[in-house]
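Structure first, commentary second.
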Amino acid sequence: MLIKKPADIKPSEITDQNTYLNRRAFIRDSGLLGVGIAASVMGLPWSKQSWAEAAPGKRVYPALAKSNFSTDEKLTDFDDATSYCNFYEFGTRKSDPKENSQAFVTSPWSVTVDGACEKPGTYTLEDILKPHTLEERIYRLRCVEAWSMVIPWVGFSLGDALKRFQPTSKAKYVSFYTLHDAERMPGQKRRVLEWPYREGLRIDEAMHPLAMLAVGMYGAELPNQNGAPLRLVVPWKYGFKSIKSIVRISFTEEEPVSTWNQVQPSEYGFYSNVNPTVDHSRWSQKKERRIGNWLKQETLMFNGYADQVASLYSGMDLKKFF
Amino acid sequence: MTRGQFISRVIKPVLFLVLLLPLALLVEQGFSDNLGANPVETITHQTGLWALRLLLLLTLAITPLCKLTRISELVRLRRMIGVYSFFYALLHFMTYAVLDHSFDMTAILEDVVKRPYVTVGFSAFLMLIPLAATSTNGMIKRLGGKRWKRLHKLVYLCGLGGVIHYLWLVKADVLSPLNYLAIFIVLMLFRLPDHVREKFTGPLRSFGQRSSQLLKEEKS
(Lines give C-alpha, C1' and ligand atoms only; values in the text may rest on other atoms or scores of the structure.)
Protein backbone atom coordinates (compact mmCIF):
# COMPACT_ATOMS: atom_id res chain seq x y z
CA MET A 1 0.00 0.00 0.00
CA LEU A 2 1.27 3.43 -0.93
CA ILE A 3 0.07 5.43 2.08
CA LYS A 4 2.81 5.79 4.63
CA LYS A 5 3.18 7.83 7.78
CA PRO A 6 2.04 11.39 7.14
CA ALA A 7 4.79 13.22 9.03
CA ASP A 8 7.33 13.85 6.26
CA ILE A 9 5.56 16.79 4.68
CA LYS A 10 4.35 19.41 7.13
CA PRO A 11 0.63 19.98 6.62
CA SER A 12 1.29 23.69 7.03
CA GLU A 13 3.31 23.60 3.83
CA ILE A 14 0.42 22.24 1.85
CA THR A 15 -2.62 24.06 3.13
CA ASP A 16 -2.67 27.78 3.70
CA GLN A 17 -3.78 28.71 7.17
CA ASN A 18 -7.13 30.26 6.31
CA THR A 19 -8.27 27.21 4.44
CA TYR A 20 -6.94 25.13 7.27
CA LEU A 21 -8.73 27.11 9.97
CA ASN A 22 -11.95 26.73 8.04
CA ARG A 23 -11.43 23.05 7.51
CA ARG A 24 -14.54 22.03 9.42
CA ALA A 25 -16.78 24.29 7.40
CA PHE A 26 -14.98 23.09 4.30
CA ILE A 27 -15.54 19.46 5.13
CA ARG A 28 -19.14 20.05 6.04
CA ASP A 29 -20.03 22.29 3.16
CA SER A 30 -18.51 20.20 0.47
CA GLY A 31 -20.23 17.11 1.73
CA LEU A 32 -16.96 15.38 2.34
CA LEU A 33 -17.73 14.48 5.91
CA GLY A 34 -17.39 10.81 5.12
CA VAL A 35 -13.95 11.36 3.67
CA GLY A 36 -12.98 13.29 6.77
CA ILE A 37 -14.14 10.53 9.06
CA ALA A 38 -12.40 7.90 6.99
CA ALA A 39 -9.22 9.97 6.99
CA SER A 40 -9.26 10.47 10.71
CA VAL A 41 -9.86 6.78 11.30
CA MET A 42 -6.90 5.97 9.08
CA GLY A 43 -4.70 8.49 10.85
CA LEU A 44 -4.24 10.69 7.81
CA PRO A 45 -3.57 14.42 8.28
CA TRP A 46 -7.15 15.11 9.40
CA SER A 47 -6.35 13.51 12.72
CA LYS A 48 -5.21 15.92 15.42
CA GLN A 49 -1.94 14.16 16.19
CA SER A 50 -0.18 15.17 13.02
CA TRP A 51 -1.54 18.72 12.65
CA ALA A 52 -0.16 21.88 14.01
CA GLU A 53 -3.07 24.00 15.23
CA ALA A 54 -2.54 27.71 15.57
CA ALA A 55 -4.70 30.41 17.06
CA PRO A 56 -5.12 33.47 14.81
CA GLY A 57 -1.87 35.42 14.52
CA LYS A 58 0.21 32.72 16.15
CA ARG A 59 3.23 31.15 14.53
CA VAL A 60 3.44 27.44 13.76
CA TYR A 61 6.71 25.86 14.88
CA PRO A 62 8.78 24.00 12.35
CA ALA A 63 9.98 20.52 13.28
CA LEU A 64 9.84 19.84 17.00
CA ALA A 65 11.82 17.24 18.90
CA LYS A 66 9.66 14.49 20.41
CA SER A 67 9.86 13.64 24.09
CA ASN A 68 9.97 10.33 25.93
CA PHE A 69 7.77 11.89 28.58
CA SER A 70 4.80 12.02 26.18
CA THR A 71 1.69 9.99 26.73
CA ASP A 72 0.07 8.31 23.74
CA GLU A 73 -3.45 9.08 24.99
CA LYS A 74 -5.86 10.78 22.62
CA LEU A 75 -5.29 14.53 22.44
CA THR A 76 -7.97 16.90 23.63
CA ASP A 77 -9.62 18.70 20.75
CA PHE A 78 -7.76 21.96 20.02
CA ASP A 79 -10.98 23.99 20.13
CA ASP A 80 -11.88 22.54 23.52
CA ALA A 81 -8.40 23.16 24.97
CA THR A 82 -8.49 26.78 23.78
CA SER A 83 -12.09 27.69 24.60
CA TYR A 84 -12.48 26.11 28.03
CA CYS A 85 -9.93 27.91 30.19
CA ASN A 86 -9.43 29.04 33.75
CA PHE A 87 -7.52 32.30 33.40
CA TYR A 88 -9.25 34.75 35.73
CA GLU A 89 -7.09 37.61 34.41
CA PHE A 90 -9.44 37.56 31.43
CA GLY A 91 -12.66 36.73 33.28
CA THR A 92 -14.02 33.99 35.51
CA ARG A 93 -16.21 32.10 33.08
CA LYS A 94 -14.58 29.30 31.11
CA SER A 95 -15.34 31.06 27.84
CA ASP A 96 -14.10 34.49 28.99
CA PRO A 97 -10.34 34.04 28.43
CA LYS A 98 -10.75 33.29 24.75
CA GLU A 99 -13.23 36.14 24.27
CA ASN A 100 -11.28 38.75 26.22
CA SER A 101 -7.66 37.95 25.38
CA GLN A 102 -7.60 38.35 21.63
CA ALA A 103 -6.21 41.89 21.79
CA PHE A 104 -3.57 40.94 24.37
CA VAL A 105 -0.11 41.85 23.06
CA THR A 106 2.64 39.41 24.07
CA SER A 107 5.55 40.93 22.22
CA PRO A 108 7.84 42.42 23.42
CA TRP A 109 7.88 40.35 26.61
CA SER A 110 10.44 40.22 29.35
CA VAL A 111 10.87 38.30 32.56
CA THR A 112 12.47 39.66 35.71
CA VAL A 113 14.59 37.18 37.62
CA ASP A 114 15.51 38.03 41.21
CA GLY A 115 16.14 36.63 44.67
CA ALA A 116 18.68 33.99 45.63
CA CYS A 117 20.58 33.61 42.37
CA GLU A 118 23.88 34.72 40.79
CA LYS A 119 22.37 36.05 37.58
CA PRO A 120 19.40 38.24 38.46
CA GLY A 121 18.12 40.71 35.89
CA THR A 122 15.49 41.37 33.32
CA TYR A 123 15.62 39.03 30.37
CA THR A 124 13.76 39.28 27.11
CA LEU A 125 11.73 36.25 26.14
CA GLU A 126 14.17 35.67 23.27
CA ASP A 127 17.09 35.61 25.73
CA ILE A 128 15.35 33.01 27.80
CA LEU A 129 14.47 30.78 24.85
CA LYS A 130 17.75 31.06 22.89
CA PRO A 131 19.79 28.27 24.49
CA HIS A 132 16.98 25.74 24.47
CA THR A 133 15.76 23.28 21.88
CA LEU A 134 12.01 23.31 21.81
CA GLU A 135 10.35 19.92 22.11
CA GLU A 136 6.82 18.63 22.10
CA ARG A 137 5.61 16.91 25.25
CA ILE A 138 2.14 15.41 25.46
CA TYR A 139 1.03 15.65 29.08
CA ARG A 140 -2.14 14.94 30.98
CA LEU A 141 -3.58 18.06 32.63
CA ARG A 142 -5.79 17.55 35.68
CA CYS A 143 -7.76 20.55 36.91
CA VAL A 144 -8.69 20.82 40.59
CA GLU A 145 -12.30 21.09 39.37
CA ALA A 146 -12.23 17.39 38.42
CA TRP A 147 -11.88 17.65 34.66
CA SER A 148 -8.83 16.80 32.60
CA MET A 149 -7.26 17.17 29.18
CA VAL A 150 -4.35 15.75 27.18
CA ILE A 151 -2.28 18.55 25.68
CA PRO A 152 0.78 18.59 23.42
CA TRP A 153 2.90 21.36 24.90
CA VAL A 154 5.89 22.97 23.23
CA GLY A 155 8.75 24.01 25.46
CA PHE A 156 11.66 22.74 27.51
CA SER A 157 12.51 21.61 31.03
CA LEU A 158 12.04 24.34 33.61
CA GLY A 159 15.18 23.20 35.43
CA ASP A 160 17.37 23.87 32.38
CA ALA A 161 16.14 27.45 32.29
CA LEU A 162 16.48 27.99 36.05
CA LYS A 163 20.06 26.64 36.17
CA ARG A 164 21.19 29.43 33.87
CA PHE A 165 20.29 31.98 36.55
CA GLN A 166 22.53 30.06 38.96
CA PRO A 167 20.35 29.77 42.06
CA THR A 168 22.37 29.91 45.29
CA SER A 169 22.19 27.46 48.20
CA LYS A 170 19.60 29.75 49.76
CA ALA A 171 17.19 29.11 46.89
CA LYS A 172 14.89 26.59 48.52
CA TYR A 173 11.87 27.61 46.50
CA VAL A 174 11.08 29.34 43.27
CA SER A 175 8.16 31.68 42.87
CA PHE A 176 6.38 32.81 39.69
CA TYR A 177 4.29 35.90 38.97
CA THR A 178 1.75 36.54 36.23
CA LEU A 179 1.61 39.94 34.57
CA HIS A 180 -0.40 42.47 36.60
CA ASP A 181 -1.83 45.07 34.24
CA ALA A 182 -5.57 45.59 34.38
CA GLU A 183 -5.50 47.58 31.15
CA ARG A 184 -4.22 44.56 29.27
CA MET A 185 -5.86 41.92 31.44
CA PRO A 186 -9.41 43.21 31.98
CA GLY A 187 -10.32 40.49 34.47
CA GLN A 188 -7.96 42.17 36.94
CA LYS A 189 -10.32 45.14 37.19
CA ARG A 190 -12.33 43.10 39.67
CA ARG A 191 -10.57 41.84 42.78
CA VAL A 192 -11.67 38.24 42.43
CA LEU A 193 -8.14 37.18 43.42
CA GLU A 194 -5.23 39.09 44.95
CA TRP A 195 -3.38 40.22 41.84
CA PRO A 196 -0.85 39.43 40.59
CA TYR A 197 -1.43 35.69 40.42
CA ARG A 198 1.47 33.88 42.09
CA GLU A 199 2.60 30.30 42.20
CA GLY A 200 5.58 28.48 43.61
CA LEU A 201 7.47 25.21 43.66
CA ARG A 202 10.03 23.69 45.95
CA ILE A 203 13.39 23.91 44.15
CA ASP A 204 13.69 20.11 43.74
CA GLU A 205 10.22 20.05 42.20
CA ALA A 206 11.19 22.86 39.86
CA MET A 207 14.36 21.01 38.82
CA HIS A 208 12.46 17.80 38.07
CA PRO A 209 12.75 17.09 34.35
CA LEU A 210 8.96 16.75 33.95
CA ALA A 211 8.40 20.37 35.02
CA MET A 212 8.31 22.48 31.93
CA LEU A 213 8.26 26.01 30.65
CA ALA A 214 5.91 26.11 27.69
CA VAL A 215 5.75 28.60 24.85
CA GLY A 216 3.40 26.65 22.64
CA MET A 217 0.81 23.94 22.28
CA TYR A 218 -0.47 21.87 19.36
CA GLY A 219 2.67 22.68 17.39
CA ALA A 220 2.17 26.45 17.47
CA GLU A 221 2.70 29.40 19.78
CA LEU A 222 0.46 29.50 22.86
CA PRO A 223 -2.91 31.14 22.26
CA ASN A 224 -3.31 34.15 24.57
CA GLN A 225 -6.04 32.44 26.56
CA ASN A 226 -3.71 29.55 27.37
CA GLY A 227 -1.01 31.69 28.96
CA ALA A 228 0.99 33.26 26.13
CA PRO A 229 3.80 33.85 25.75
CA LEU A 230 5.37 31.85 28.57
CA ARG A 231 3.78 29.53 31.10
CA LEU A 232 4.58 26.78 33.52
CA VAL A 233 3.41 23.18 33.07
CA VAL A 234 3.68 20.88 36.08
CA PRO A 235 1.76 17.80 35.00
CA TRP A 236 1.60 15.99 38.35
CA LYS A 237 -0.03 18.95 40.10
CA TYR A 238 -3.48 20.47 39.72
CA GLY A 239 -3.71 22.83 36.78
CA PHE A 240 -3.77 26.06 38.77
CA LYS A 241 -0.11 25.45 39.73
CA SER A 242 0.81 25.84 36.06
CA ILE A 243 0.89 29.64 36.13
CA LYS A 244 0.34 31.57 32.91
CA SER A 245 1.89 34.65 31.25
CA ILE A 246 4.93 34.73 33.55
CA VAL A 247 6.75 38.06 34.05
CA ARG A 248 8.77 37.33 37.17
CA ILE A 249 10.72 34.41 38.59
CA SER A 250 12.01 34.74 42.12
CA PHE A 251 14.25 32.38 44.11
CA THR A 252 13.35 32.37 47.79
CA GLU A 253 14.40 30.73 51.02
CA GLU A 254 10.88 30.63 52.44
CA GLU A 255 7.82 28.92 50.99
CA PRO A 256 6.33 31.55 48.67
CA VAL A 257 2.72 32.70 48.48
CA SER A 258 0.52 30.87 46.03
CA THR A 259 -2.68 32.59 45.04
CA TRP A 260 -5.31 29.87 45.53
CA ASN A 261 -3.73 28.87 48.82
CA GLN A 262 -4.11 32.50 49.83
CA VAL A 263 -7.80 32.48 48.81
CA GLN A 264 -8.71 29.36 50.78
CA PRO A 265 -5.88 27.50 52.58
CA SER A 266 -8.18 24.66 53.62
CA GLU A 267 -9.06 23.89 50.01
CA TYR A 268 -5.85 24.56 48.08
CA GLY A 269 -2.52 23.48 49.53
CA PHE A 270 0.90 24.80 48.50
CA TYR A 271 1.83 21.42 46.99
CA SER A 272 -1.52 20.62 45.33
CA ASN A 273 -0.27 17.36 43.91
CA VAL A 274 -2.98 15.45 42.07
CA ASN A 275 -4.14 13.00 44.71
CA PRO A 276 -7.36 10.96 44.46
CA THR A 277 -7.19 10.10 48.18
CA VAL A 278 -7.36 13.72 49.36
CA ASP A 279 -10.68 15.33 48.49
CA HIS A 280 -11.16 19.00 47.89
CA SER A 281 -13.23 20.08 50.86
CA ARG A 282 -16.25 20.61 48.62
CA TRP A 283 -15.93 17.85 46.06
CA SER A 284 -14.35 14.46 45.50
CA GLN A 285 -11.04 14.13 43.67
CA LYS A 286 -11.40 10.39 43.07
CA LYS A 287 -12.62 10.82 39.53
CA GLU A 288 -12.28 13.23 36.68
CA ARG A 289 -14.08 13.98 33.45
CA ARG A 290 -11.72 13.86 30.49
CA ILE A 291 -12.89 16.66 28.23
CA GLY A 292 -14.56 14.99 25.27
CA ASN A 293 -16.00 12.15 27.37
CA TRP A 294 -19.43 11.98 28.97
CA LEU A 295 -18.60 9.76 31.90
CA LYS A 296 -15.87 10.18 34.49
CA GLN A 297 -12.73 8.11 34.89
CA GLU A 298 -10.51 7.29 37.86
CA THR A 299 -7.95 9.93 38.82
CA LEU A 300 -4.42 8.57 39.17
CA MET A 301 -1.96 9.40 41.96
CA PHE A 302 0.27 12.29 40.84
CA ASN A 303 -1.89 12.35 37.70
CA GLY A 304 -0.22 9.13 36.53
CA TYR A 305 3.34 10.45 37.00
CA ALA A 306 3.94 8.66 40.33
CA ASP A 307 6.84 6.59 38.94
CA GLN A 308 8.72 9.76 38.09
CA VAL A 309 7.84 12.10 40.95
CA ALA A 310 6.74 10.10 44.02
CA SER A 311 10.31 10.08 45.34
CA LEU A 312 10.19 13.88 45.70
CA TYR A 313 7.71 13.39 48.52
CA SER A 314 9.05 10.30 50.29
CA GLY A 315 8.47 10.56 54.02
CA MET A 316 5.95 13.37 53.65
CA ASP A 317 2.39 13.05 54.87
CA LEU A 318 0.53 14.00 51.70
CA LYS A 319 -2.76 14.32 53.57
CA LYS A 320 -1.19 17.06 55.65
CA PHE A 321 0.88 18.62 52.87
CA PHE A 322 -1.86 18.42 50.26
CA MET B 1 -62.85 37.85 27.41
CA THR B 2 -62.22 38.93 31.00
CA ARG B 3 -58.77 39.65 32.28
CA GLY B 4 -58.72 36.32 34.15
CA GLN B 5 -59.75 34.43 31.05
CA PHE B 6 -57.09 36.19 29.03
CA ILE B 7 -54.44 35.12 31.50
CA SER B 8 -55.69 31.54 31.67
CA ARG B 9 -56.35 31.04 27.99
CA VAL B 10 -53.67 33.12 26.30
CA ILE B 11 -50.84 34.03 28.68
CA LYS B 12 -50.68 30.62 30.31
CA PRO B 13 -50.31 28.51 27.16
CA VAL B 14 -47.78 30.98 25.79
CA LEU B 15 -45.80 30.87 29.03
CA PHE B 16 -45.98 27.07 28.93
CA LEU B 17 -44.11 27.13 25.62
CA VAL B 18 -41.72 29.87 26.67
CA LEU B 19 -40.63 27.91 29.73
CA LEU B 20 -39.78 24.97 27.47
CA LEU B 21 -37.27 27.13 25.59
CA PRO B 22 -34.29 26.61 27.91
CA LEU B 23 -34.63 22.86 27.43
CA ALA B 24 -35.21 23.22 23.71
CA LEU B 25 -32.08 25.35 23.48
CA LEU B 26 -30.01 22.73 25.32
CA VAL B 27 -31.30 20.00 23.01
CA GLU B 28 -30.59 22.12 19.95
CA GLN B 29 -27.08 22.92 21.19
CA GLY B 30 -26.56 19.24 21.93
CA PHE B 31 -27.41 18.22 18.39
CA SER B 32 -25.35 21.01 16.83
CA ASP B 33 -22.34 20.25 19.06
CA ASN B 34 -22.55 23.67 20.71
CA LEU B 35 -22.59 22.74 24.37
CA GLY B 36 -18.92 23.68 24.75
CA ALA B 37 -15.91 21.65 25.80
CA ASN B 38 -17.70 20.23 28.84
CA PRO B 39 -21.29 19.49 27.78
CA VAL B 40 -22.17 17.75 31.04
CA GLU B 41 -21.16 20.82 33.00
CA THR B 42 -23.14 23.07 30.65
CA ILE B 43 -26.26 20.92 31.03
CA THR B 44 -25.83 20.75 34.81
CA HIS B 45 -25.35 24.50 35.14
CA GLN B 46 -28.17 25.48 32.79
CA THR B 47 -30.80 23.14 34.26
CA GLY B 48 -29.77 24.20 37.78
CA LEU B 49 -29.93 27.88 36.95
CA TRP B 50 -33.36 27.57 35.36
CA ALA B 51 -34.69 25.62 38.33
CA LEU B 52 -33.47 28.42 40.57
CA ARG B 53 -34.71 31.23 38.34
CA LEU B 54 -38.19 29.77 38.08
CA LEU B 55 -38.27 28.99 41.77
CA LEU B 56 -37.49 32.58 42.65
CA LEU B 57 -39.90 33.84 40.04
CA LEU B 58 -42.56 31.56 41.42
CA THR B 59 -42.07 31.70 45.15
CA LEU B 60 -41.39 35.32 45.46
CA ALA B 61 -42.08 37.45 42.46
CA ILE B 62 -45.68 36.56 41.62
CA THR B 63 -47.27 37.84 44.82
CA PRO B 64 -45.44 41.21 44.77
CA LEU B 65 -46.27 41.44 41.10
CA CYS B 66 -49.95 40.89 41.88
CA LYS B 67 -49.76 43.59 44.52
CA LEU B 68 -47.93 46.06 42.32
CA THR B 69 -49.98 45.54 39.21
CA ARG B 70 -53.20 44.81 41.07
CA ILE B 71 -53.76 41.97 38.63
CA SER B 72 -54.51 39.23 41.13
CA GLU B 73 -55.21 36.73 38.36
CA LEU B 74 -51.46 36.44 37.79
CA VAL B 75 -51.55 33.90 40.60
CA ARG B 76 -53.02 31.47 38.09
CA LEU B 77 -49.57 31.20 36.48
CA ARG B 78 -47.81 30.30 39.69
CA ARG B 79 -48.38 26.57 39.89
CA MET B 80 -47.24 25.99 36.33
CA ILE B 81 -44.00 27.90 36.91
CA GLY B 82 -43.49 25.88 40.06
CA VAL B 83 -43.91 22.57 38.29
CA TYR B 84 -41.47 23.77 35.62
CA SER B 85 -38.96 24.66 38.30
CA PHE B 86 -39.28 21.12 39.65
CA PHE B 87 -38.91 19.78 36.11
CA TYR B 88 -35.59 21.60 35.64
CA ALA B 89 -34.43 20.62 39.12
CA LEU B 90 -35.19 17.01 38.22
CA LEU B 91 -33.16 17.29 35.01
CA HIS B 92 -30.37 18.92 37.04
CA PHE B 93 -30.38 16.09 39.56
CA MET B 94 -30.58 13.38 36.90
CA THR B 95 -27.63 14.87 35.01
CA TYR B 96 -25.63 14.76 38.22
CA ALA B 97 -26.77 11.25 39.19
CA VAL B 98 -26.32 9.66 35.78
CA LEU B 99 -23.44 11.53 34.15
CA ASP B 100 -21.40 12.46 37.22
CA HIS B 101 -22.00 9.32 39.23
CA SER B 102 -23.32 6.71 36.77
CA PHE B 103 -26.13 6.06 39.28
CA ASP B 104 -23.65 4.91 41.93
CA MET B 105 -25.93 5.40 44.95
CA THR B 106 -23.08 5.03 47.44
CA ALA B 107 -21.16 7.83 45.78
CA ILE B 108 -24.26 10.04 45.62
CA LEU B 109 -25.08 9.45 49.29
CA GLU B 110 -21.46 10.12 50.23
CA ASP B 111 -21.71 13.44 48.38
CA VAL B 112 -25.00 14.31 50.08
CA VAL B 113 -23.59 13.58 53.52
CA LYS B 114 -20.07 14.96 53.14
CA ARG B 115 -20.48 18.03 50.98
CA PRO B 116 -22.61 20.85 52.37
CA TYR B 117 -23.47 22.36 48.99
CA VAL B 118 -24.82 19.00 47.83
CA THR B 119 -26.64 18.49 51.15
CA VAL B 120 -28.41 21.82 50.77
CA GLY B 121 -29.17 21.39 47.07
CA PHE B 122 -30.41 17.85 47.51
CA SER B 123 -32.63 18.85 50.43
CA ALA B 124 -34.15 21.63 48.37
CA PHE B 125 -34.80 19.14 45.60
CA LEU B 126 -36.44 16.65 48.01
CA MET B 127 -38.69 19.40 49.37
CA LEU B 128 -39.83 20.25 45.86
CA ILE B 129 -41.15 16.71 45.34
CA PRO B 130 -44.23 16.94 47.61
CA LEU B 131 -44.95 20.38 46.19
CA ALA B 132 -44.88 19.13 42.62
CA ALA B 133 -46.89 16.05 43.59
CA THR B 134 -49.67 18.17 45.12
CA SER B 135 -49.87 20.67 42.32
CA THR B 136 -53.06 19.36 40.74
CA ASN B 137 -56.54 20.75 41.38
CA GLY B 138 -57.54 17.37 42.79
CA MET B 139 -54.76 17.43 45.37
CA ILE B 140 -55.64 20.95 46.46
CA LYS B 141 -59.23 19.79 47.05
CA ARG B 142 -58.09 16.68 48.88
CA LEU B 143 -55.70 18.55 51.15
CA GLY B 144 -57.98 21.52 51.64
CA GLY B 145 -56.84 25.03 50.77
CA LYS B 146 -55.44 25.85 54.19
CA ARG B 147 -53.28 22.74 54.56
CA TRP B 148 -52.20 23.00 50.94
CA LYS B 149 -51.06 26.57 51.46
CA ARG B 150 -49.19 25.66 54.61
CA LEU B 151 -47.39 22.80 52.84
CA HIS B 152 -46.48 25.05 49.95
CA LYS B 153 -44.74 27.53 52.24
CA LEU B 154 -41.87 25.01 51.89
CA VAL B 155 -41.13 26.74 48.64
CA TYR B 156 -39.35 29.57 50.52
CA LEU B 157 -36.95 27.03 51.99
CA CYS B 158 -36.42 25.51 48.56
CA GLY B 159 -35.54 28.92 47.15
CA LEU B 160 -33.12 29.68 49.97
CA GLY B 161 -31.59 26.20 49.65
CA GLY B 162 -31.12 26.70 45.92
CA VAL B 163 -29.35 30.03 46.40
CA ILE B 164 -27.06 28.65 49.13
CA HIS B 165 -26.31 25.58 47.00
CA TYR B 166 -25.11 27.91 44.25
CA LEU B 167 -23.19 30.19 46.61
CA TRP B 168 -21.30 27.31 48.21
CA LEU B 169 -20.19 25.64 45.04
CA VAL B 170 -18.38 28.49 43.28
CA LYS B 171 -14.62 28.75 43.70
CA ALA B 172 -13.93 32.46 44.05
CA ASP B 173 -16.27 34.58 41.98
CA VAL B 174 -19.42 34.81 44.09
CA LEU B 175 -20.92 37.69 42.12
CA SER B 176 -23.55 35.66 40.30
CA PRO B 177 -24.83 33.66 43.31
CA LEU B 178 -24.85 36.87 45.37
CA ASN B 179 -27.12 38.41 42.74
CA TYR B 180 -29.57 35.58 43.25
CA LEU B 181 -29.30 35.96 47.01
CA ALA B 182 -30.03 39.68 46.68
CA ILE B 183 -33.10 38.97 44.54
CA PHE B 184 -34.23 36.40 47.10
CA ILE B 185 -33.85 38.84 49.98
CA VAL B 186 -35.52 41.73 48.19
CA LEU B 187 -38.49 39.60 47.24
CA MET B 188 -38.71 38.09 50.71
CA LEU B 189 -39.13 41.60 52.10
CA PHE B 190 -42.51 41.67 50.40
CA ARG B 191 -43.57 38.81 52.67
CA LEU B 192 -43.11 40.91 55.77
CA PRO B 193 -46.12 42.75 57.13
CA ASP B 194 -46.21 46.24 55.68
CA HIS B 195 -45.20 48.08 58.86
CA VAL B 196 -42.19 45.82 59.44
CA ARG B 197 -41.12 46.07 55.85
CA GLU B 198 -41.02 49.86 55.96
CA LYS B 199 -38.22 49.65 58.50
CA PHE B 200 -36.09 47.31 56.41
CA THR B 201 -36.40 48.60 52.94
CA GLY B 202 -33.94 51.51 53.11
CA PRO B 203 -33.06 52.22 49.50
CA LEU B 204 -36.16 50.32 48.50
CA ARG B 205 -38.38 52.57 50.57
CA SER B 206 -40.07 54.34 47.70
CA PHE B 207 -40.72 50.98 46.08
CA GLY B 208 -42.21 49.61 49.26
CA GLN B 209 -44.24 52.73 49.87
CA ARG B 210 -45.66 52.54 46.44
CA SER B 211 -46.77 48.96 46.87
CA SER B 212 -48.31 49.60 50.29
CA GLN B 213 -50.02 52.66 48.90
CA LEU B 214 -51.47 50.51 46.18
CA LEU B 215 -52.54 47.98 48.77
CA LYS B 216 -54.28 50.63 50.83
CA GLU B 217 -56.09 51.87 47.78
CA GLU B 218 -57.14 48.33 47.04
CA LYS B 219 -58.47 47.79 50.56
CA SER B 220 -60.42 51.03 50.66
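The values are calculated or read from the model by the stated rules, or taken from the named source; none is laboratory data. Just so you know, these numbers come straight off a predicted model, no measurement behind them. Here Cβ is always computed from backbone atoms with ideal geometry, including for glycine, and neighbour counts include all displayed protein chains.
Kindly provide the set of residues from region A:290-312 that are at pLDDT 95 or above and charged (D, E, K, R), ordered by number. Result: A:ARG290, A:GLU298, A:ASP307. Among the numbered conditions (1) assigned to a loop (DSSP other than H, G, I, E, B); (2) under 26 Å from A:SER67 (Cα atoms), the only one that A:ASP181 does not meet is (2).
In region A:192-203, the count of residues that are surrounded by fewer than 18 Cβ atoms within 10 Å (Cβ to Cβ) and farther than 23 Å from A:TYR313 by Cα is one or more.
Looking only at residues in region A:207-242 that are among the aromatic types (Phe, Trp, Tyr) and in contact with a Ser or Thr (Cβ under 9 Å, 6 or more places away or on another chain), the one that is farthest from A:VAL150 (Cα to Cα) is A:PHE240. Residues satisfying the criterion are present in region B:52-72 (criterion: within 23 Å of the chain's Cα centre (by Cα), farther than 27 Å from B:LEU167 by Cβ, buried (at least 17 other Cβ atoms within 10 Å of the Cβ) and away from chain A (no Cβ under 11 Å)).
Under 20 Å from A:THR252 (Cα atoms) and either surrounded by 19 or more Cβ atoms within 10 Å (Cβ to Cβ) or away from chain B (no Cβ under 14 Å) (or both): which single residue out of A:SER148, A:SER169, A:SER101 fits that description?
Values: A:SER148 fails: under 20 Å from A:THR252 (Cα atoms); A:SER101 fails: under 20 Å from A:THR252 (Cα atoms).
On inspection, the qualifying residue turns out to be A:SER169.
Within region A:72-89, being of a type in the set (D, E, K, R) and facing another protein chain (nearest Cβ under 8 Å) holds for A:ASP77, A:ASP79, A:ASP80.
Put simply, of B:TYR166, B:TYR156 the only residue that is farther than 30 Å from A:CYS143 by Cα, in contact (Cβ under 8 Å) with a residue 60 or more places away in the chain and not hydrophobic (A, V, I, L, M, F, W, C) is B:TYR156.
Scanning region B:1-55 for residues that are small (Gly, Ala, Ser) and either more than 21 Å from A:GLY292 (Cβ to Cβ) or touching a His at 6+ places or on another chain (Cβ under 6 Å) (or both) yields B:GLY4, B:SER8, B:ALA24, B:GLY48, B:ALA51. Against the numbered list (1) farther than 20 Å from A:ASP72 by Cα; (2) in contact (Cβ under 8 Å) with a residue 40 or more places away in the chain, A:TYR305 comes up short only at (1).
On the basis of being at pLDDT 85 or above and surrounded by fewer than 18 Cβ atoms within 10 Å (Cβ to Cβ), does A:ALA55 make the cut?
Values: at pLDDT 85 or above: yes; surrounded by fewer than 18 Cβ atoms within 10 Å (Cβ to Cβ): no.
So A:ALA55 does not fit the description; no.
Only strands (runs of 3 or more DSSP E) whose full extent lies in region A:213-311 are considered here, and the ones with at least 2 residues that are away from every other protein chain (no Cβ under 14 Å) and of a type outside the set (D, E, K, R) are A:231-233, A:246-252. Restricting attention to region B:28-51, the residues that are closer than 18 Å to B:ALA124 by Cβ and either crowded, with 18+ Cβ neighbours inside 10 Å or in contact with an Asp or Glu (Cβ under 8 Å, 6 or more places away or on another chain) (or both) add up to 6. Can you pull out every residue in region B:93-116 that is closer than 21 Å to B:PRO39 by Cα and away from every other protein chain (no Cβ under 12 Å)? Within region B:93-116, B:PHE93, B:MET94, B:ALA97 meet the criteria.
Does B:LYS171 qualify as being within 30 Å of A:GLN188 (Cβ to Cβ) and charged (D, E, K, R)? I'd like the intermediate steps shown before the answer.
On the way: within 30 Å of A:GLN188 (Cβ to Cβ): yes; charged (D, E, K, R): yes.
Criteria met by B:LYS171.
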